[in-house]
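Okay, so here's the structure we're looking at.
The values are calculated or read from the model by the stated rules, or taken from the named source; none is laboratory data. In this text, all values refer to a predicted model and were calculated from it rather than measured experimentally. Note: ideal-geometry Cβ built from the backbone for every residue, glycine included; neighbour counts use all protein chains shown.
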Amino acid sequence: MSEALLKNRDYTLILAKSPLENMPRSILPPDRWQAASDAMVALAAKCSEFDPDGITVYLMSDSVQKFEQVKASQIATIFQDFQATEPPKTSHLAAVLQVALDNYFERKAAGQTKENGEIMIVVTDKEPAERQAVVKAIVQATKKIDRNEELGIGLAQIGEHSMTEGFFKALDEDLDRAGARFDIVDTKILDTIHIDCLTQFLLDMIYD
């Protein structure tokens, strides 16, 4: 598998916190985002290597924050500020994912996307309450792209949680049953992605 498809491509990173009341505290520690900070920074920095004009970062808590043309040197500060925000009252993963997808297709229609398309990485700590809305957003996106490699969506889970893993696995393996035109999803537990395997993780999103 060639790294060429990772170049001339835009990268978007979405960080979405889950409501505190939905957190099984015995499984996920209160500082779960801090514990995953190094992995997130390394992943975002790897994306910026392939996207030298800067990646796009969405932060989702109770509101959406968007940062454009983010360089590797800015990533750690953005993550640090995000870790300090309070968890949202309700889950908004589907909403922020839809915003990012709409932005991609608006740019595509205007001829502003790069030749190889885009990769979106969603980092979250819990299975979203609005599961069907997440599935619908992804399935609809597969019907708007021209080829499998154009758009890759990676779901990176913080910490181990069986319900979340089950939902992510279904998205990864059974998207066609929901009506998807292409399989554009790859899922991983963030803590298991080694620094020297980040390029492979990105390749899996467009080849898996």
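Of Ala109, Ala42, Ala76, all but one fail to be modelled with pLDDT of 90 or more, closer than 23 Å to Arg9 by Cα and not aromatic (Phe, Trp, Tyr); the exception is Ala109. Among residues of segment 123-162 being among the aliphatic types (A, V, I, L, M) and touching a Gly at 6+ places or on another chain (Cβ under 7 Å), the one that is farthest from His194 (Cα to Cα) is Val139. The condition (being of a type in the set (Val, Ile, Thr), under 23 Å from Ala170 (Cα atoms) and touching a strand residue (DSSP E or B) at 6+ places or on another chain (Cβ under 7 Å)) is satisfied by just one residue among Thr124, Thr142: Thr124. If the condition is being small (Gly, Ala, Ser), within 25 Å of Asn116 (Cα to Cα) and surrounded by 21 or more Cβ atoms within 10 Å (Cβ to Cβ), then segment 33-47 contributes only Ala44. The single residue among Gly54, Gly111 that is crowded, with 16+ Cβ neighbours inside 10 Å and on the phi > 0 side of the Ramachandran plot turns out to be Gly54. Residues in segment 179-203 that are at pLDDT 85 or above, surrounded by fewer than 16 Cβ atoms within 10 Å (Cβ to Cβ) and assigned to a helix (DSSP H, G or I): 2 in all. Inspect all residues belonging to segment 140-160 and state whether any of them is assigned to a loop (DSSP other than H, G, I, E, B), touching a helix residue (DSSP H, G or I) at 6+ places or on another chain (Cβ under 9 Å) and closer than 15 Å to Thr12 by Cα. The answer is no; no qualifying residue exists. Among the residues of segment 75-86, are any within 29 Å of Glu115 (Cα to Cα) and either surrounded by fewer than 16 Cβ atoms within 10 Å (Cβ to Cβ) or of a type in the set (Ser, Thr, Tyr) (or both)? The answer is yes; a qualifying residue exists. Quick check: anything in segment 91-100 modelled with pLDDT under 85 and either surrounded by fewer than 18 Cβ atoms within 10 Å (Cβ to Cβ) or small (Gly, Ala, Ser) (or both)? For segment 91-100, residues modelled with pLDDT under 85 and either surrounded by fewer than 18 Cβ atoms within 10 Å (Cβ to Cβ) or small (Gly, Ala, Ser) (or both): present. Asp102 satisfies every condition listed in (1) over 18 Å from Arg9 (Cα atoms); (2) outside any strand (DSSP E or B); (3) not hydroxyl-bearing (Ser, Thr, Tyr) except (1). Cβ-Cβ contacts under 8 Å between residues 6 or more apart (or on different chains), taken from a first residue in segment 126-140 that is in contact (Cβ under 8 Å) with a residue 40 or more places away in the chain and over 13 Å from Phe182 (Cα atoms) to a second residue that is crowded, with 16+ Cβ neighbours inside 10 Å and charged (D, E, K, R), are absent.
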